[in-house]
DNA sequence: CGCAGCATCCCCATTCCTTGGTATGGCACG
DNA sequence: CGTGCCATACCAAGGAATGGGGATGCTGCG
């Protein structure tokens, strides 16, 4: 009865109050859907410092040891495929998503030997902020519960959202506020326009554009345009979808 | 009967054979779920490559005219919120996701007047490749079909995947790649450092920093530092945590 | 009404960025 | 052992950004 099941499990996941509780409820969800294992990882985008991410799983110990010992995370084809698919995918479809190297096939073979036969993985990305994936896996003698993949898709996404909530905390209101005009000027700056070009676009003087950007910098206590645009993106004053597709929309 | 409904509609969406067919099936899906309108947009991030995006919708004509006439795409709060949530969200929850300016509220008010009362929007990103969003909307006298939001979540994601399939095809073009040094220089640029400051930090000549940034701009076919940093963030070359280490540690 | 906030415009001096070049050494791969 | 890629370094010119002034008019709010 997927309907009741979905509602019950999704409720549990969204109500998870800490990471160990999230572990339990996602584990239970994986069993109820007909899977044998699960793994959830959630990473904040960070290139310099140590990764402060989440890794919950109930994979066999042997696999976890191999995975860590050989640092397989960096060459995991499942992770790579997460960057290539908007929806969840079954592991057996990996070759349709990414080019598989010999090492990739080897890695999957080792997994199969250790009890991870096939899986269904849901990946999510928030540009500039975080990425995560949630996998539901079956043992060798079984096959993926086809009727449950859509449910897995949902619950996996909810689990990732929960992991994010428990990791980064609630959205903190930005310390500053921009006016509409300031935001507009910052947007065009992020689109790569100069003050002069922006002044033409907005139909105002170049000096005014400079002034708006000056005010925006002062408010956020920043001293360069690039930092200002990064900051505006971080705060949600402007969006990625606003920056890059504007040109083809404008040209017709 | 959400179960049959979901299966039937998801089948139609995944089988869509061209964009106009996708339009029909998503439109039908929105009606069956209890919505009055839908809008789907899907954008590729490769500006120099195939310059194609998708915009399908059945919003009122008046709204489309206003939207284009005032270039509202650049200040659409719904699109900005897509960068801040891993799951779909109701428009009424926008203030919890992003800071709302006066212009934002005005925009939503105009939408309401033209028949777009509330909506549920699903956003998806593939780092370095594409972004999209799919909205399901109800008219003024109605409210969101609460029991259908999870279904909308699923179908919206499938519709985005279909849009991607029909746009980029099976072969994904190779993304732009930065060298380590280029990424490092871009990162310090996003942090607001000048070329000279960066040269001190990295222990190399200022000219070399300029050179790395020059190469990075050439690779991504961009012409300004601000656009370069936005692009690097979007592609996941750098992350917010790299730039503003104080942000996510702020509240917990 | 007064006042704060916003949007608009202008000037100037200094610094920084962008674009076009050239050039050397290291390293990997076929 | 050449070829390509990367990191490094330099030069020159023109355009753009930054930070410091100042100024006007409008709107909303107590």
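Each value in this text was obtained by applying a stated rule to the coordinates, not by laboratory testing. What you see is a predicted model, and the numbers here were worked out from it, not measured in a lab. Positions of Cβ are backbone-derived with ideal geometry, glycine not excepted, and every protein chain shown enters the neighbour counts.
Hey, any idea what Rg/Rh is for the stretch B:81-203, computing Rh the Kirkwood way over Cα pairs?
Using only Cα positions, Rg/Rh for the stretch B:81-203 is 1.13.
Output the 0 to 90 degree angle, nearest 10, between the alpha-carbon long axis of helix A:225-235 and the longest principal axis computed from the alpha carbons of chain A.
Between helix and principal axis, roughly 50 degrees.
Which three extents, in angstrom, do the Cα atoms of chain A have along their principal axes, listed largest first?
Per principal axis, max minus min of the Cα coordinates gives 71, 41, 40 Å.
Mind checking the mean number of beta-carbon atoms from other chains within 10 Å of the Cβ atoms in A:36-43?
Per residue, the number of nearby Cβ atoms from other chains is 0 on average.
When only Cα pairs under 8 Å and 6 or more residues apart are kept, what is the percent relative contact order across chain B?
Normalised by residue count, the contact order of chain B is 19 percent.
Using the 10 angstrom Cβ neighbour count as an exposure proxy, how do A:167, A:62, B:121 rank, fewest first? Intermediate results must be reported in sequence, preceding the final value.
On the way: A:167 18, A:62 12, B:121 22.
The order, fewest Cβ neighbours first, is A:62, A:167, B:121.
Based on DSSP H runs of at least 4 residues, each adding -39500 (n - 2.57), what is the mean residue ellipticity at 222 nm of chain B after dividing by all its residues, to the nearest 500 deg cm²/dmol?
Mean residue ellipticity, 222 nm, calculated: -15000 deg cm²/dmol.
Considering every residue in B:157-166, what mean count of other chain Cβ atoms within 10 Å of its Cβ is obtained?
Neighbouring Cβ atoms belonging to other protein chains average 3 per residue here.
For chain A, set up a Gaussian network in which alpha carbons nearer than 10 Å are linked by springs, and say which option among A:202, A:114, A:44 fluctuates the most.
The residue that fluctuates most here is A:202.
Normalising by the residue count of the stretch B:167-237, find the relative contact order in percent from Cα pairs under 8 Å and 6+ residues apart.
That works out to 32 percent.
Compute the helix-to-body angle for B:180-190: its Cα long axis versus the longest principal axis of chain B, expressed 0 to 90° and rounded to tens.
70
In whole Å, how far is the Cα centre of the stretch A:9-38 from that of the stretch B:81-159?
Here the two parts' Cα centres lie 27 Å apart.
Please work out whether the stretch B:180-243 counts as rounded, prolate or oblate from its C-alpha gyration tensor, where a ≥ b ≥ c are the square roots of the eigenvalues and a/c under 1.5 means rounded, while otherwise a/b larger than b/c means prolate and anything else oblate? Before the final figure, lay out each step's value.
On the way: a/c = 1.89, a/b = 1.26, b/c = 1.50.
Taking the square roots of the gyration eigenvalues as a ≥ b ≥ c, the stretch B:180-243 is oblate.
Please give the average number of partner chain Cβ atoms lying within 10 Å of the Cβ of each residue in A:119-131, rounded to a whole number.
Partner-chain Cβ atoms within 10 Å, mean over residues of A:119-131: 6.
Please give the helix B:206-220 orientation as an angle from the longest Cα principal axis of chain B, in degrees from 0 to 90, rounded to the nearest 10.
The two axes meet at around 30 degrees.
For the residue pair residue B:143 and residue A:7, what label-to-label distance in nm results when each label sits 7 Å from Cα along the Cα-to-beta-carbon direction?
Distance between label points: 1.7 nm.
Among rounded, prolate and oblate, which fits the protein assembly as shown when a ≥ b ≥ c are the square roots of the eigenvalues of its C-alpha gyration tensor, a/c under 1.5 means rounded, and a/b larger than b/c means prolate?
It is oblate, given that a/c is not under 1.5 and a/b is not larger than b/c.
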